[in-house]
1. Out of B:Pro18, B:Pro103, B:Pro28, I need the residue that is within 17 Å of the chain's Cα centre (by Cα) and at pLDDT below 90. Which one?
2. Collect the residues in the stretch B:182-204 that are outside any helix (DSSP H, G or I) and either touching a Pro at 6+ places or on another chain (Cβ under 8 Å) or more than 9 Å from every other protein chain (Cβ to nearest Cβ) (or both), keeping them in residue-number order.
3. Tally up the residues in the stretch B:140-192 that are touching a residue at least 60 places away in the same chain (Cβ under 8 Å) and either touching a strand residue (DSSP E or B) at 6+ places or on another chain (Cβ under 9 Å) or within 19 Å of B:Ile64 (Cα to Cα) (or both), please.
4. Looking at the stretch A:83-109, which of its residues are within 11 Å of chain B (Cβ to nearest Cβ), closer than 15 Å to A:Arg50 by Cα and of a type outside the set (D, E, K, R)?
5. Could you please find all residues in the stretch A:22-41 being under 26 Å from A:Gln108 (Cβ atoms), under 43 Å from the mean Cα position of the chain (by Cα) and assigned to a loop (DSSP other than H, G, I, E, B)?
6. Of the residues A:Ala439, A:Ala434, A:Ala416, A:Ala421, which single one is in the same structural domain as A:Ala367 (by TED's automatic domain parsing), over 18 Å from A:Leu358 (Cβ atoms) and either under 33 Å from the mean Cα position of the chain (by Cα) or buried (at least 18 other Cβ atoms within 10 Å of the Cβ) (or both)?
7. Please list, ordered by residue number, the helices (runs of 4 or more DSSP H) wholly in the stretch B:95-149 having 2 or more residues that are acidic (Asp, Glu) and on the phi < 0 side of the Ramachandran plot.
Amino acid sequence: MADFLRQTLPFQELPAAALEEALSALRISYHVQGSILEAASPHPGLRIVRSGAVDLRDRDNTLLDRLGEGESFVVGGPDSSQHPARAIVIEDALLYLLPAATFHRLRQQNRAFDRHFSSQRSRHLRRAARHRPPGNALQQKLRDSMSTALLTVAGSDSVQSVARAMAKRRVSSALVLENDRLAGIVTDRDLRVRCVAEALPSSTPVAAIMTPNPETIDAGSSLFDTLLLMTRRGYHHLPVTEDGRLAGMITTSDLILARQDDPVYLVQHISRQDSAAGIRNLLTGLPQLVLQWQQADMRAQQVSRILTAITDAVTVRLIQLAEAKLGPAPAAWCWTAFGSQARAEQLLGADQDNGMILADDAAPEHAPWFAALAQEVCAGLNLCGYPYCNGEVMATTDSWRQPLARWQDTVRRWTASPSPAAVMRVSIFFDLRAIYGDAGLCTALQATMLQQASNNTIFLAALAANVLDSRPPLGIFRRFVVERDGEHRDAVDLKKRGVLPLTDIARLHSLAHRIEAVNTEERLQALARERHLAMGDSRNLADALHCIQQQRLQQQCRQLLRGDKPDNFLNPRGLPTMAREQLRDAFTIIDQAQAALRLTYRAGLD
Amino acid sequence: MWLALRRLRWARRVAATPLQACWRQPLPDRHRDWRAGSFLVCDGEMSSLDPARGELLSLGWVAIANGAIELASARHQLLASERGVGHSATIHQITDRDLADAPAPATAMAALLQAAAGRVLVFHHARLDLAYLNRLSHRLYGAPLLLPVVDTLELERARQQRRGHPIPAAALTLQACRARYGLPAHGAHNALLDALATAELLLAQIAHRSNRRGRT
């Protein structure tokens, strides 16, 4: 019981005995929407919102704050200047009350507890603290970032043997030991400047070109201090000592890589891995990173762009590794991403949608190379957490790995006789982006698509019918329509009912008007710029997309925090009123856009 | 009223037992406002879903007075087991070792009856818990409990039926009922935490009942 409450209530600061006292004094009550708590209400004290939402207002009825789960407040009280006059329940709330007498006693006895509640203002600070980004990477200790696999040589070793050893170990420096004592350091630069440039024989002892008695730094120093020292003195390599003994080496690139929380460096790390397993290990921290970004208020579309950039980097690296194994490509080709990766709109849990476009001069005997590469890369992606596509939209499927001319034939066939199956595929297929190889192939295919689609009203009408098939989850009176049963009862599928219809709308207009952009927001902007869509409609749709994606991201983060697998289902009841209203507005915008689309592309057909 | 009459039949058997002491307290007034009622919300963990074969392993309870749960009243009691917990340990995490030092069922039962005196007992899915408690009561005192009982599951079923909603069984689990009132998820499987979760559900049900009456 104590553990449970310690986890759910803001009592972490209390010692065990005081916690017991607090627990046995607690009273739990439930308040329906519209209930009001005032200074004169019975049972004064600290109220903790366990669920629901509460508005705090002052005597002039000005809104002071809106509280959600885990936050606490005191109404009225002796120093009422510091406290709100009224609390209004805006969403059915479960409140845990710590009676005033116990609350004040605990505050007097526990300074940390007191500070925690010292004023309503500090609550904002606490909120900030709760979302505190993990400690600045530069404050970490050196010993966690240094390399400990050291190359040590004797001063009498020849320059050539040292250079060989460095090449073999793929390091850029060696430490010269004399009688187990650090006598000097020799780097790539020393070999170049002091040996090769001076035309010294390769048998010269390394002691002659080393930097003697190099400066060292203690392993307990912070990365910041290390960086400062190295920048000041212009060092690229610095030996590290622990208790006066040689313990490791730190280089400028180690320092850069220590900043793992930065997506740019994550991408860089990915490109350094030698195996799919290595990449997978790097990506295990990805959900944690997404949490940090979300808590730092990064917007959903930025998160999507970064996640997609990471997927791109993983794909490129896997292709490079496969090429290293299989030998160079026998003909020009292009690795192409489809669907959300192409649109740069991925969130966590995306599966792979990809294909290969081969140059038309690829000969039949080249086919095994491309098939083998597809196998390698798709298996690698699956290992790295991008599961195989259920619909087999993957380079490993023969029909998704074809020469350009055959791809173009497929497009002509699909657009000429749009069967329902073809129309379903189009929604994935017509969003495409070159990831690796000859991007011209991808551009040529896209040009064919736009040309075939924009001239073909029957095809566009078929696409429109498909778009109109998935309606936003709003019933009459704008009530949310939720799943009726199954695992996701009472929830709305944000992806299927929100993101996909909206993406479909933007794609349909773009195909009709030959817009080359693939990203939904860019498509909407281009459509407005070329006056195919009113500026207001374009902005509304973009806002709707952001709103839904934001809720989707937040939901995924909540699931991550609970230790659940992220999915796209959200119970609107669990949202604060304002967010729920925004979501409702977003779905209404989609609904209106669908109605407009019906008039444009299916006039007289339905 | 019926409860008082039925108790008469067993009055002689329960003489000088904790059950008799509990019966001596006046029954809660059925016509009083729900919001002011006194409740004792209970939950038990059992070694089997079949009362004929299983045993009561633990009891948790917490009281509601004047519309609020009072955590000071919360108790968690393990009961000494005669047959061992078997495979059920995977669900409630109670092992034979935990129960080695547990008090005899009579002790736990006496504590429960003392807390229940003058209150309405509340369970989620009362039938199962009551089957166990009545068996135990018969064994200890030679009579069934005959205490006033409210079942949050039945309250919810009635509410859904009034609104004309179809009710699949899964929709009446404690978790699903709580979710319908916006109460937070609770993952624990411990008699006391389940009792607390049930108590919060009852508060929500009462609040929405009186709210509805207030409006019409």
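The values are calculated or read from the model by the stated rules, or taken from the named source; none is laboratory data. Bear in mind that the values here come from a model prediction, so they are computed numbers and not experimental data. Backbone-built Cβ (ideal geometry, glycine too); neighbour counts: all protein chains shown.
1. Working: B:Pro18 fails: within 17 Å of the chain's Cα centre (by Cα); B:Pro103 fails: within 17 Å of the chain's Cα centre (by Cα).
Every option except B:Pro28 fails the conditions.
2. Applying the first criterion (outside any helix (DSSP H, G or I)) to the stretch B:182-204 yields B:182-190.
Residue satisfying the conditions is B:His189 alone.
3. Keep residues of the stretch B:140-192 that are touching a residue at least 60 places away in the same chain (Cβ under 8 Å), which gives B:140-148, B:150, B:189-192.
Adding the requirement that they be either touching a strand residue (DSSP E or B) at 6+ places or on another chain (Cβ under 9 Å) or within 19 Å of B:Ile64 (Cα to Cα) (or both) leaves B:145, B:147-148, B:150, B:189-192.
Residues flagged as touching a residue at least 60 places away in the same chain (Cβ under 8 Å) and either touching a strand residue (DSSP E or B) at 6+ places or on another chain (Cβ under 9 Å) or within 19 Å of B:Ile64 (Cα to Cα) (or both) within the stretch B:140-192 amount to 8.
4. Within the stretch A:83-109, the subset within 11 Å of chain B (Cβ to nearest Cβ) is A:89, A:91-99, A:102.
Next, from what is left, pick out any that are closer than 15 Å to A:Arg50 by Cα: A:89, A:91-98.
Correct list: A:Val89, A:Ala93, A:Leu94, A:Leu95, A:Tyr96, A:Leu97, A:Leu98.
5. A:Leu26
6. Working: A:Ala439 fails: over 18 Å from A:Leu358 (Cβ atoms); A:Ala434 fails: over 18 Å from A:Leu358 (Cβ atoms); A:Ala416 fails: either under 33 Å from the mean Cα position of the chain (by Cα) or buried (at least 18 other Cβ atoms within 10 Å of the Cβ) (or both).
Criteria check complete, one pass: A:Ala421.
7. In the stretch B:95-149, B:96-100 are the helices (runs of 4 or more DSSP H) which contain 2 or more residues that are acidic (Asp, Glu) and on the phi < 0 side of the Ramachandran plot.
Here is a yes/no grid of residues against (1) under 22 Å from A:Ser340 (Cβ atoms); (2) out of contact with any Lys or Arg (no Cβ under 9 Å at 6 or more places or on another chain):
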| residue | (1), (2) |
| --- | --- |
| A:Leu508 | yes, yes |
| A:Val518 | yes, no |
| A:Asp543 | yes, yes |
| A:His546 | yes, no |
| A:Arg552 | yes, no |
| A:Arg573 | no, no |
| A:Phe587 | yes, no |
